[in-house]
Structures are given as structure tokens and as C-alpha cells.
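Following: one structure in C-alpha cells, then a few remarks.
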Amino acid sequence: MRQLILFRHAKTEPYSETGSDETRRLTDRGHEDAQTVSFQLKAMNVRPTQILVSTARRTRETVAEFQKSFPEAPVTFSERLYLADPEEISGLIEALPDTNCLVVIGHNPGIHELAMQLTEYGGYSNSMAASQLRVKFPTAAMAVFEAKENDPFNAYNFKLAEFFTPRSLTDA
């Protein structure tokens, strides 16, 4: 089974020291939340084979926390992923070499909009996950999509399997 995981960066400070949006850092809660959702993926036996990350500071800090659970997964940084729209994100996904499990760490609204499009286009195997995803895609949320092993790694071949947030994991 192939997997595509859309991961919104973790909680950030509202402003950066420089005033630039790209240099905003994670808060303490953001660091904890990134670890929480990473632990959940590991508990689900997910094994990322590639991680695609925006170059913004908050996404770099998010992937650093993520890599504590998955240190073997190679990381590719892309400036084009910073505040990208769904079409740009899916284009970046399709331009990567074939992989079994891709994690994309990016920003809203693009990550949420792409997750919504994939859910509407490909359907879903978990209606509760789809209902939660439609409401919002908060910081450190993850949408896990799955496709058949022999399907080409095209974003629109995936169906929603899981959606979770740090809060949904700690409230459970």
C-alpha cells in the first residue's frame, strides 16, 4: 500500500523577531504537538520513505521534531512549497521520484485545500476522518491517504484513510 501524508506545520509564534512570516518559530506547544503526531504515525506502523518540506523556519522545526521518530527518511526542502496552492503542491508531489510513503509538511490554506480536493475526488475509507477534515486543518494536523501499491504516485489516486490532530490524540 502507498501512502501520502499531508502534515501542516506545528503551532508557531504569532510574529517573528525579524517581522518576516518565513522566520516564525514553533512554540513549546508546537514542538510537543509535532512529536505527538509523529508518535501516532509510528504507532500506526507508517514508514516514510521521503519527506517534502517547505523552507520556512516553522516547517524546518516541525520536520526536525518529526525526524526524531523517523530519522532514516530523506528530506527534500522546496521553496515552492512555502504558501503553495493545491495545484503547486500536487505538482511537486508528482515531480518527485516514485516512493511508497511521502510526507508533505507545508502550510494552510494549501495543505487543507489539497486534502479536501483529494477527499472529494478520491473518496474516503473513513467517514469520521473526512468529517473532521472538512471542519478545519489545525496546526500539526495530519491527513493520511492511501493508494494501491501498483497505482502511479499521483496525488489524485489516494483515498483518505485517517485524519488526526494533536488534540484528538490527547483527548482520546
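Nothing in this text is a laboratory measurement; each read-out follows from the coordinates by a stated rule. Remember, it's a predicted structure, so these values are computed and weren't measured experimentally. Note that each Cβ is placed from the backbone with ideal geometry, even for glycine, and that neighbours are counted across all protein chains shown.
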Quick one: Debye curve from the C-alpha atoms of the chain, no solvent, what's log10 I(q)/I(0) at q = 0.13 Å⁻¹? -0.56
Euclidean distance of C-alpha centroids, the stretch 1-49 and the stretch 59-101, integer Å: 12 Å
Do the alpha carbons of any pairs in Lys68/Lys148; Lys11/Lys136; Lys68/Lys159; Lys11/Lys159; Lys11/Lys148 sit beyond 25 Å of each other, and which pairs? Lys68/Lys148; Lys68/Lys159; Lys11/Lys159; Lys11/Lys148
Using R₀ = 22 Å, calculate the FRET efficiency as 1/(1 + (r/R₀)^6) where r is the Cβ-Cβ separation of Glu94 and Asn150; round to 0.05. 0.85
Relative packing of peptides 132-140, 67-75, 20-28 - highest average C-beta neighbours within 10 Å first: 132-140, 20-28, 67-75
Gain on full stretching of the segment that runs from Met128 to Thr55 - 0.36 nm per residue minus C-alpha separation: 23.1 nm
For 147-157, 51-61, 84-94, ranked highest to lowest by mean beta-carbon neighbours within 10 Å, the order is 51-61, 84-94, 147-157
Charge dipole (debye, nearest 20) of the stretch 2-171; +1 at Cβ of Lys and Arg, -1 at Cβ of Asp and Glu: 380 debye
